[in-house]
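The values are calculated or read from the model by the stated rules, or taken from the named source; none is laboratory data. As the structure is a computational prediction, the values presented were derived from the model and not from experiment. No Cβ is skipped: glycine too gets one built from the backbone with ideal geometry, and neighbour counts run over all protein chains shown. The accessibility values were calculated without ligands, DNA or RNA, using every heavy atom of the protein model including side chains. Shrake-Rupley method; radii C 1.70, N 1.55, O 1.52, S 1.80 Å.
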Amino acid sequence: MVSLPDVQSSNSQIANTLPAGLVAVFVGATSGIGEAALKEFARSARSPRAYFIGRSQEAAAHITAECRQLNPEGEFIFIKADVSLIRNVDVVCREIQSKEKSINILFLSCGTSRFGEDTSEGLHIITATGYYARTRFIINLLPNLKQATSLRRVVSVLAGSQEGPIDVTDFQAKKMSMLNIRGHMVSMTDMTLETLAEQAPEVTFINDYPGPVKTGIGRESNTFLTRLMGIMLIFIGPFIYIPIRESGERHLFFATSAKYPPRIHLDEVEVSSGVPLSEGVEVASGTDGKVGSGVYSIHWRGEHAGPRVVELLAGLREQGIAKKVWEHTVGEFDRIVGPADV
């Protein structure tokens, strides 16, 4: 467990140990965890530049003003987009790439509680936002992450440590119950992040479980089960919720701490693996169970997912599931936008 004081101590060192001018992209940041993480980034970094993507122009105006108050030397650029559509993801990425050569942090927290609906591109809405859009952002922006001369990190806020079986006959989870979707989608994410880490071993990839946080995602609920859960949380939430400020602090720690180094270090002088660890905080084990292996599935306290998840993922690898997930994912992107130029 990483204590909150250790998290806060690490974050307080960002301005002194990481270079000025860090560039970050926050997808799904006009509310909830993404907004909280963006504000902590604004509070902690020196002269940062942050792009944040969401659907609410009104919310973005308030967030931009608050971030500028927190850090008058920072730049905070909002891009309005519905990222449940892969074509929109591509448009957003092209806009960012027209302005930035390198990116240090890609923070992904877009999602929905809607279930059983398809987007206009034929993707199940819940996996479109929770898996496909996020993967598309990573693929598109990976060259920019690799160009960074310091921190290089991807954080996907989903449900690391909550992995489950992958149904290869239903990758989109169109026939799956709500109870099984989470584990399926989390394991798909792990498999994809491991594939991407092979292409970019100098980049850190994190899949984390944020814990119980009051985010407002339940307002889109369209099933009896999710609405019932929303009603229950009205009563029990105040007793179990992690404060939104603490969630933002912990996610900034995930995005910047040397506890989660990339698989390889290209140049120890030039490339930083994050804010140096304080006494008692150790480098995390990756999804393969090895210390510092570059892809991490972590609980909200920063803990490694544990032996159950390591064993489950090892079994999926042995069955060749990672390759099947990747081929399916790329196939869906090719179907929607056409094959990538070779």
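Quick look at the values:
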{"read-out": "Selection from Phe76, Ser257, Ser247 lying farthest towards where the dipole of the stretch 4-335 points positive, charges on Cβ", "value": "Phe76"}
{"read-out": "The chain: equivalent-ellipsoid semi-axes (sqrt of 5 x gyration tensor eigenvalues, Cα, Å)", "value": "27, 23, 22"}
{"read-out": "Length gained when the stretch Met1-Glu311 is fully extended (0.36 nm per residue, less Cα-Cα span)", "value": "109.5 nm"}
{"read-out": "Spin-label pair Gln97/Glu279, simplified geometry with 7 Å Cα→Cβ offset, distance in nm", "value": "4.7 nm"}
{"read-out": "Loop GluC sites (Glu not before Pro), the stretch 108-193 (other Cβ atoms within 10 Å of the site Cβ: 14 or fewer; DSSP)", "value": "Glu117"}
{"read-out": "Positive-end extreme of charge dipole, the chain - chosen from Gly21, Gly183, Ile63 (charges on Cβ)", "value": "Ile63"}
{"read-out": "Gaussian network model of the chain, springs between alpha carbon atoms under 10 Å - residue of Ser156, Ser47, Ser285 with greatest fluctuation", "value": "Ser47"}
{"read-out": "Mean accessible surface per residue for the stretch 258-339, computed with a 1.4 Å probe while every protein chain stays in place, in Å²", "value": "51 Å²"}
{"read-out": "The chain, relative contact order [Cα under 8 Å, separation at least 6], %", "value": "20 percent"}
{"read-out": "Estimated [θ] at 222 nm from DSSP helical runs (n ≥ 4, -39500 (n - 2.57)) normalised by residues in the chain, nearest 500", "value": "-14000 deg cm²/dmol"}
{"read-out": "Sites Lys290 and Gln199 - FRET efficiency at Förster radius 22 Å, r taken between beta-carbons, to 0.05", "value": "0.70"}
{"read-out": "Protein accessible area in the stretch 4-335, 1.4 Å probe - carbon and sulfur %", "value": "53 percent"}
{"read-out": "Placed amide H near Phe52: partners under 5 Å, 5+ positions off or other chain", "value": "Phe26, Ile77, Phe78, Ile79"}
